[in-house]
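S.K.: Pasting a structure here, questions to come.
Please treat every number below as a calculation from the coordinates, not as lab data. Quick caveat, the model's predicted, so the values are computed rather than measured. Cβ coordinates were reconstructed from backbone atoms using ideal geometry, including for glycine residues, and neighbour counts include every protein chain displayed.
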């Protein structure tokens, strides 16, 4: 287990009013109980991103200097900035636990360069509250080391050893009624799912289901705390992906928790609204698949089609929110200088990795919904089912519209790949980003969804396969190769048909 410095003085996470009068704050959301009691307008809480990395910066530099001045992890900036870390060659004096934790934070959380926030946005709040917990440290170190092993294969054994240590800590925590409900335990299980995502789909799904079981055990009262909502969002996103790709309905107990969590959520939050649509998509898809397999179902094919079209209609709301909250630039290179993509050299530049995740997950789910719509239209026409919205001509128009949406969203996802993989960076960045494991983790399901889409052409499908194989090779993500091979099989089957 990693050896960390003694506990340090914590930066206050009380609301602004409670900090001023130096009273105990209960940190409730959306307003603290003290402000409600005194009828004050709660001024809110500090940004957890700033607090986590302000707390960690001086400690990390101090620990690294004790290893070696030449080999230290360079974390610069007075308060919030974490620059790209220099990866030392592991030696007898290197603290591999520290190395893994810091690389995990830098790659998966910060996104490599401030103010870019990585796509695992639930981590800072939970980590700041329990940064010394051995379960948490071991799980983060395991993921960080397996990510580093992509460029330093000698770290594979240490990564797996740290993973085994983390699993033991998690099992010990799960045996305790108190420890099993802590944020640090849930966060550890989620993080270990990232480790398994590098390996294979089945192992990842087991971790996702384990995290969902913990969320259910924590009950509805967990949502009074903001960090619990953030982790619930992450579990819900992972569980939805697992359900869609394994054709399973979204669990009712998690849906009930979603309804409870909605009481504490800003309805204009794009990630939240997208998650609700994704859970609806997973359930419609699974139930329709059951009907297709001959299992009795009360809904007719037109019923499923109407439900799917309703989901697609609701995407307009989510995309409007994203356009306002997370705008991006479209870059068009000349055909001669096009470096990244095969269709006219177009790519996107986003402000953060988190923005890439929001946009691409929205596009991915919309593509899946449109695939379901096209499939259901075929079912309705095959079964000569009555459809109140009109004739066969109307259905064909809907199918054509769905195919157009799939094609457009697929091209948008492909345009995000250069930045997602670190091949390009924002114009005001000091230097280009380096390819990262988190970038591959972020993109593989997006690429897979585009690659298997019936709306993609052969040339772009080949490009998707190439990118997935490249991610597998450069980032060590075995699942990326599995998905690439699946796309190749789909392409071969379509050519035979």
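S.K.: Can you figure out the FRET efficiency of residue 495 with residue 269, using R₀ = 51 Å and their beta-carbon distance, to the nearest 0.05?
M.R.: Values: r = 43 Å, r/R0 = 0.84.
E between residue 495 and residue 269, to the nearest 0.05, is 0.75.
S.K.: Arrange the following residues from fewest to most other Cβ atoms within 10 Å of their Cβ: 245, 348. Don't jump to the answer; show the numbers that get you there.
M.R.: Working: 245 16, 348 22.
Lowest count first: 245, 348.
S.K.: So, one more: Based on a Kirkwood Rh over C-alpha pairs, give the Stokes-Einstein translational diffusion coefficient of the range 133-272 at 25 °C and viscosity 0.890 mPa s in µm²/s. Present the calculation step by step, with values, prior to reporting the outcome.
M.R.: Details: Rh = 15.7 Å.
After rounding, the answer is 156 µm²/s.
S.K.: Another question about this same structure. Provide the convex hull volume over Cα atoms per residue for the range 149-195, in Å³. Before the final figure, lay out the partial values.
M.R.: Details: hull volume 2.7 nm³, N = 47.
Hull volume normalised by residue count: 56 Å³.
S.K.: If r is the Cβ-Cβ distance from residue 310 to residue 157 and R0 is 51 Å, what FRET efficiency results, to the nearest 0.05? Walk me through the numbers on the way to the answer.
M.R.: Details: r = 51 Å, r/R0 = 1.00.
Once the sixth-power term is evaluated, E becomes 0.50.
S.K.: Moving on. Full-extension gain between residue 224 and residue 404, please, as 0.36 nm times their residue separation minus the C-alpha to C-alpha distance.
M.R.: On the way: separation 180, 0.36 × 180 = 64.80 nm, distance 4.23 nm.
Length gained, residue 224 through residue 404: 60.6 nm.
S.K.: Here's a follow-up. 7 Å from Cα along Cα→Cβ at both residue 473 and residue 38: what's the point-to-point distance in nm?
M.R.: Output for this residue pair reads 6.3 nm.
S.K.: Separate question: Can you compute the label reach from residue 31? Point 7 Å from Cα along the Cβ direction, backbone N cut-off under 20 Å, restricted to the range 265-299.
M.R.: 265-268
S.K.: Calculated FRET efficiency, residue 330 and residue 466, Cβ-Cβ r, R0 30 Å, to nearest 0.05?
M.R.: Details: r = 23 Å, r/R0 = 0.76.
E between residue 330 and residue 466, to the nearest 0.05, is 0.85.
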